[in-house]
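The values are calculated or read from the model by the stated rules, or taken from the named source; none is laboratory data. Since this is a predicted model, take the numbers as computed values, not measurements. Quick reminder, even Gly has a Cβ in these numbers, built from the backbone with ideal geometry, and neighbours come from all protein chains shown. For the accessible areas, the whole protein counts, side chains as well, though only heavy atoms, and no ligand, DNA or RNA atoms are used. Shrake-Rupley method; radii C 1.70, N 1.55, O 1.52, S 1.80 Å.
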Amino acid sequence: MNKVRITGLGLLAIGISLISLLEGDLAGLSGGLLTGLGIGLLVTGRLRFQK
C-alpha cells in the first residue's frame, strides 16, 4: 500500500468514528466529508487532478 491509500484508510476510520460517536450537525457533516475523502483516496490511490 502506498502512503496515499494509508492516509485514505485513516481518514475513513476517523470519519466513521465521528459519525458513530458524536451527535450534532457539525460532527455528521465533518464525518461525512472525511469518509468521502477517505473512500476516494482508497479507490484512486493518487492525488493528481486532471485538467
(request) Evaluate the following for SER20: is it free of Cβ contacts under 8 Å to residues at least 12 places away in the same chain, open to solvent by less than 90 Å² (accessible area, probe 1.4 Å) and not in a loop (DSSP other than H, G, I, E, B)? (result) yes
(message) If LEU47 meets every condition in (1) aliphatic (A, V, I, L, M); (2) open to solvent by 70 Å² or more (accessible area, probe 1.4 Å); (3) in a helix (DSSP H, G or I) apart from one, which number is that one?
(response) (3)
(request) Determine, yes or no, whether LEU34 is free of Cβ contacts under 8 Å to residues at least 24 places away in the same chain and surrounded by fewer than 13 Cβ atoms within 10 Å (Cβ to Cβ). (result) no
(message) I'm trying to understand the selection: among the residues of region 16-51, which are of a type in the set (Lys, Arg) and within 21 Å of MET1 (Cβ to Cβ)?
(response) ARG46, ARG48
(request) Of the conditions (1) surrounded by 12 or more Cβ atoms within 10 Å (Cβ to Cβ); (2) in a loop (DSSP other than H, G, I, E, B); (3) hydrophobic (A, V, I, L, M, F, W, C), MET1 clears all except one; give me its number. (result) (1)
